[in-house]
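The values are calculated or read from the model by the stated rules, or taken from the named source; none is laboratory data. Only a predicted model underlies this, so the values are computations on that prediction, with no experimental measurement involved. Positions of Cβ are backbone-derived with ideal geometry, glycine not excepted, and every protein chain shown enters the neighbour counts.
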Amino acid sequence: MIDVQRLLVLREVAHAGSFAGAAAELRRTPSAVSQQIAALERGAGVPLVERSTRGVVLTDAGRLLLAAADAVHAELQTAARQLRDLQASGPQTLTVATFASAGEPLLAPALTEVTTTSNTIDVTVIEAEPDDALASLRSGGADLALVYHFHTRQPPGHWLAIAGPGAYIPLVDDHIRLLVPASHPLASRDAAAPPELAGDRWIQGWGDTGAVLDALAATSGFRPRIACRSSDYRFMSALVSAGVGVALIPRLGLPDNPQVRDLAITPQPIRYVGIYRPSRRWQHPAADRLLAALRHQAATMNGTA
């Protein structure tokens with residue numbers, strides 16, 4: 001039989017990359033951690049780590065057991081929260097990870113729908129980009145994660161490795177919009193093509209959203225002149241209204257700013273927004289209610305409610 005406590009030690013060794021780092025996290029000695037890994041290897045019958053002067057690296061067998069250790073840790077975290085709820089006879093806890101631009105238009109209305117119908121839920125919200133949000137699911141630090149991706153409706157293949165087993169539920173097709181000052185020559189148009197903006201300066205986002213501009217510019221044969229890079233869509237809109245440049249902003253992130261105009265950009269990039277729910281042995285009624293509320297809010301935004 002594989003010892004669960006030794007599995008969790010392996011998990012810490014993998015995350016720290018060394019016995020010393022794991023020992024510091026677990027408040028044990030490096031020798032004790034090494035002995036636990038050696039005992040786990042004897043039980044497994046195969047080497048789990050490769051030792052060197054620079055630390056340790058997991059073998060294929062070690063990575064297989066790491067996936068099991070992550071699942072065990074997440075289940076234990078969930079069970080511990082539910083036990084605390086039962087012992088306290090108090091509110092049920094619900095932790096949601098979300099990226100910022102989905103917070104106001106999508107998550108907040110859904111949470112309002114949930115909390116106004118029940119005063120027995122304590123909600124915690126973690127602001128995180130998709131990979132970090134998914135990692136919080138795997139560790140048991142979150143119950144649901146609002147995430148986004150580009151290119152295809154199918155979520156990226158590497159998400160399963162980050163989040164562990166679970167289900168992805170699509171919610172919103174978030175069209176990328178072109179933001180220009182109200183005085184811009186294209187402001188009265190409904191749509192524009194990237195080559196028409198080759199001479200403009202740009203306020204560019206970061207990460208995958210910022211990469212949309214690079215891709216559109218590359219296929220249109222120009223190199224964008226960047227005036228600013230920011231992850232704050234409200235700030236980007238303010239810079240656009242000040243005449244500093246134009247910007248590409250997801251529809252969910254568009255602020256209410258009468259001094260700018262938003263147009264469709266052709267070809268139309270889409271940011272696909274959805275919810276990732278991990279597979280858990282324990283049922284979570286509050287997560288079920290929030291998921292239903294998110295679907296309702298998404299249907300309202302999509303005009304299908």
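Let's see how each residue does on (1) hydroxyl-bearing (Ser, Thr, Tyr); (2) within 18 Å of residue 129 (Cβ to Cβ); (3) surrounded by fewer than 16 Cβ atoms within 10 Å (Cβ to Cβ):
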{"residue": "210", "(1), (2), (3)": "no, yes, no"}
{"residue": "232", "(1), (2), (3)": "no, yes, yes"}
{"residue": "258", "(1), (2), (3)": "no, no, yes"}
{"residue": "265", "(1), (2), (3)": "no, no, no"}
{"residue": "268", "(1), (2), (3)": "no, no, yes"}
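Does residue 237 fit the bill of being in contact (Cβ under 8 Å) with a residue 24 or more places away in the chain, under 28 Å from residue 302 (Cβ atoms) and out of contact with any strand residue (DSSP E or B) (no Cβ under 7 Å at 6 or more places or on another chain)? Break it down into steps so the answer makes sense when it comes.
On the way: in contact (Cβ under 8 Å) with a residue 24 or more places away in the chain: yes; under 28 Å from residue 302 (Cβ atoms): yes; out of contact with any strand residue (DSSP E or B) (no Cβ under 7 Å at 6 or more places or on another chain): no.
Here the answer is no, as residue 237 does not meet what is asked.
Which one of these does residue 69 not meet: (1) closer than 23 Å to residue 159 by Cβ; (2) out of contact with any helix residue (DSSP H, G or I) (no Cβ under 8 Å at 6 or more places or on another chain); (3) of a type in the set (A, V, I, L, M, F, W, C)?
Residue 69 satisfies all of (1) closer than 23 Å to residue 159 by Cβ; (2) out of contact with any helix residue (DSSP H, G or I) (no Cβ under 8 Å at 6 or more places or on another chain); (3) of a type in the set (A, V, I, L, M, F, W, C) except (2).
Just a yes or no: is a residue in the stretch 104-127 within 13 Å of the chain's Cα centre (by Cα) and surrounded by 15 or more Cβ atoms within 10 Å (Cβ to Cβ)? If you could, list the steps in order and put the result at the bottom.
From the stretch 104-127, those within 13 Å of the chain's Cα centre (by Cα) are 125-127; that's our starting set.
From what's left, surrounded by 15 or more Cβ atoms within 10 Å (Cβ to Cβ): 125.
So far as the stretch 104-127 goes, yes, one or more of its residues are within 13 Å of the chain's Cα centre (by Cα) and surrounded by 15 or more Cβ atoms within 10 Å (Cβ to Cβ).
Going through 61, 16, 32, 22 one at a time, which residue ends up being among the hydrophobic types (A, V, I, L, M, F, W, C) and more than 27 Å from residue 160 (Cα to Cα)? Please lay out each step first, then the result.
On the way: 61 fails: more than 27 Å from residue 160 (Cα to Cα); 16 fails: more than 27 Å from residue 160 (Cα to Cα); 22 fails: more than 27 Å from residue 160 (Cα to Cα).
On inspection, the qualifying residue turns out to be 32.
Considering (1) crowded, with 19+ Cβ neighbours inside 10 Å; (2) under 17 Å from residue 111 (Cβ atoms); (3) of a type in the set (Gly, Ala, Ser), say which one residue 299 fails and leave the rest.
Just one mismatch for residue 299, condition (1).
Do we find a residue being closer than 22 Å to residue 183 by Cα, among the acidic types (Asp, Glu), surrounded by fewer than 21 Cβ atoms within 10 Å (Cβ to Cβ) and not assigned by TED's automatic domain parsing to the domain that holds residue 155 anywhere in the stretch 212-229?
no
May I ask you to list the residues in the stretch 219-236 that are outside any loop (DSSP other than H, G, I, E, B), within 27 Å of the chain's Cα centre (by Cα) and over 22 Å from residue 172 (Cα atoms)?
Initial filter on the stretch 219-236 (outside any loop (DSSP other than H, G, I, E, B)): 219-220, 225-229, 233-236.
Retained after the next criterion (residues that are within 27 Å of the chain's Cα centre (by Cα)): 226, 228-229, 233-236.
Listed by number, the residues that qualify are 226, 228, 229, 235, 236.
Within the group 182, 191, 167, 187, which residue is among the small types (Gly, Ala, Ser) and modelled with pLDDT under 95? Even if it seems obvious, please write down each step before you answer.
On the way: 182 fails: modelled with pLDDT under 95; 191 fails: modelled with pLDDT under 95; 187 fails: modelled with pLDDT under 95.
Matching residue, one of 182, 191, 167, 187: 167.
Can you work out which of the residues in the stretch 140-154 that are in contact with a helix residue (DSSP H, G or I) (Cβ under 6 Å, 6 or more places away or on another chain) and part of a loop (DSSP other than H, G, I, E, B) is surrounded by the fewest Cβ atoms within 10 Å (Cβ to Cβ)?
If we take residues in the stretch 140-154 being in contact with a helix residue (DSSP H, G or I) (Cβ under 6 Å, 6 or more places away or on another chain) and part of a loop (DSSP other than H, G, I, E, B), then 150 is surrounded by the fewest Cβ atoms within 10 Å (Cβ to Cβ).
Need at least 1 residues that are modelled with pLDDT under 95 and within 30 Å of residue 73 (Cβ to Cβ) per element, so show me which strands (runs of 3 or more DSSP E) inside the stretch 244-295 make the cut, counting only ones lying wholly within it.
Values: elements: 246-250, 260-265, 270-278.
Hits in the stretch 244-295: 270-278.
Across the stretch 129-154, what is the number of residues that are under 28 Å from residue 214 (Cα atoms) and under 12 Å from the mean Cα position of the chain (by Cα)? Before you say what the answer is, go through the steps one by one.
Residues of the stretch 129-154 that are under 28 Å from residue 214 (Cα atoms), as a first pass: 129-135, 145-154.
Filter again for under 12 Å from the mean Cα position of the chain (by Cα), leaving 129-135, 145-149.
Of the residues in that region, 12 qualify.
Could you please give the count of residues in the stretch 99-150 that are under 28 Å from residue 76 (Cβ atoms), touching a strand residue (DSSP E or B) at 6+ places or on another chain (Cβ under 7 Å) and polar (S, T, N, Q)?
4
To keep it simple, each residue is scored yes or no on (1) of a type outside the set (S, T, N, Q); (2) at pLDDT 85 or above; (3) exposed (fewer than 15 other Cβ atoms within 10 Å of the Cβ); (4) on the phi > 0 side of the Ramachandran plot.
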site	(1), (2), (3), (4)
21	yes, yes, no, no
26	yes, yes, no, no
34	no, yes, no, no
37	yes, yes, no, no
41	yes, yes, no, no
48	yes, yes, no, no
56	yes, yes, no, no
65	yes, yes, no, no
71	yes, no, no, no
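Can you give me the number of residues within the stretch 188-205 that are in a loop (DSSP other than H, G, I, E, B) and either out of contact with any Leu (no Cβ under 8 Å at 6 or more places or on another chain) or outside the structural domain of residue 224 (by TED's automatic domain parsing) (or both)? So that I can check it myself, show each step before the final result.
First, pick out the residues of the stretch 188-205 that are in a loop (DSSP other than H, G, I, E, B): 188-190, 193, 198-200, 205.
Filter once more, keeping what is either out of contact with any Leu (no Cβ under 8 Å at 6 or more places or on another chain) or outside the structural domain of residue 224 (by TED's automatic domain parsing) (or both): 188, 193, 198-200.
Result for the stretch 188-205: 5.
What helices (runs of 4 or more DSSP H) lie completely within the stretch 19-128 and have 2 or more residues being free of Cβ contacts under 8 Å to residues at least 40 places away in the same chain and not assigned by TED's automatic domain parsing to the domain that holds residue 280? First the steps, then the outcome.
Details: elements: 19-26, 30-44, 60-88, 108-115.
Where helices (runs of 4 or more DSSP H) fall fully within the stretch 19-128 and carry at least 2 residues being free of Cβ contacts under 8 Å to residues at least 40 places away in the same chain and not assigned by TED's automatic domain parsing to the domain that holds residue 280, they are 19-26, 30-44, 60-88.
If you check 256, 232, 262, which single one turns out to be in contact (Cβ under 8 Å) with a residue 24 or more places away in the chain and among the acidic types (Asp, Glu)?
Details: 256 fails: in contact (Cβ under 8 Å) with a residue 24 or more places away in the chain; 232 fails: in contact (Cβ under 8 Å) with a residue 24 or more places away in the chain.
Only one candidate qualifies: 262.
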